[in-house]
Amino acid sequence: CAQEESESEQRQAIGRLIQYYTDTLSTAVTETDHESSRLGTVSAAAEEHDRLPVRFPDPGAAHAWLEAEWRNVLLMARHAANHEWHRQCADLTHSLAEFLQTSGYWSDAAPAHELALHACRLLGEPARGARAALDLSAAYRRTGDHDKARHNADEALTAYLLLGDKRGQAAALDQLGLI
């Protein structure tokens, strides 16, 4: 693609690849009974373009896809962040958060959530930033870095208080209790 396509066509191709991972990750997370509210079953972009998301025959197949592709999802998130697709970086990373946590990929999760939090700050979206700070807090708690975990949980709690988000406040308080 880099050798044969224009810069615009390359960017569109990368955008389609990011969208593929967004849609497929959403489906895989939902079908493995992870937190199904993360991105929804079908993204709005998929519905708008009449794309059918990948379907898995059973939760085991969805989990196998997550195991095989989680590193690629994080690479796509990093690429998105480095190419000014901050929302996609934040959403991909958040959607993968529970899988990374329950699968024990904590040392990989922390830098990914750091990147997502930075992307959220660039976006200037406090709700996404609070969500990213909470994900980062959980990763640091799992790796035993309780000072960083507490700092990020406090940041999330402060943002959720300012937003008036009671559910977010409860999640941040729960995280602080676990720390």
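The values are calculated or read from the model by the stated rules, or taken from the named source; none is laboratory data. Because the structure is predicted, anything quoted here is derived from the model rather than measured. For neighbour counting, all protein chains shown are included, and Cβ atoms are generated from backbone atoms with ideal geometry for every residue, glycine included. The accessibility values were calculated without ligands, DNA or RNA, using every heavy atom of the protein model including side chains. Shrake-Rupley method; radii C 1.70, N 1.55, O 1.52, S 1.80 Å.
Observations on the structure shown:
- For the range 167-179, a residue qualifies if it is under 17 Å from the mean Cα position of the chain (by Cα) and not in a helix (DSSP H, G or I), but none of them does.
Residue by residue, here is whether (1) within 24 Å of Thr22 (Cβ to Cβ); (2) at pLDDT below 95 holds:
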position	(1), (2)
Ala77	yes, no
Thr102	yes, yes
Tyr140	no, no
Asp147	no, no
Leu161	no, no
Arg167	yes, no
Ala172	no, no
Gly177	no, no
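- Residue match in the range 114-125 (condition: without any contact (Cβ under 8 Å) to a residue 12 or more places away in the chain and open to solvent by 70 Å² or more (accessible area, probe 1.4 Å)): yes
- Look at the range 20-39: where a residue is modelled with pLDDT of 90 or more and a partner is of a type in the set (Gly, Ala, Ser) and assigned to a helix (DSSP H, G or I), sitting 6+ places away or on another chain with Cβ atoms under 6 Å, you get Asp23/Ala46; Leu25/Ser95; Ala28/Ala62; Val29/Ser95.
- Residue list for the range 66-93, restricted to those being out of contact with any helix residue (DSSP H, G or I) (no Cβ under 7 Å at 6 or more places or on another chain), under 25 Å from Glu31 (Cα atoms) and without any contact (Cβ under 8 Å) to a residue 40 or more places away in the chain: Glu67, Ala68, Arg71, Leu75
- Counting only helices (runs of 4 or more DSSP H) that sit completely within the range 78-166, those holding 2 or more residues that are in contact with a His (Cβ under 7 Å, 6 or more places away or on another chain) correspond to 86-103, 106-123, 126-143.
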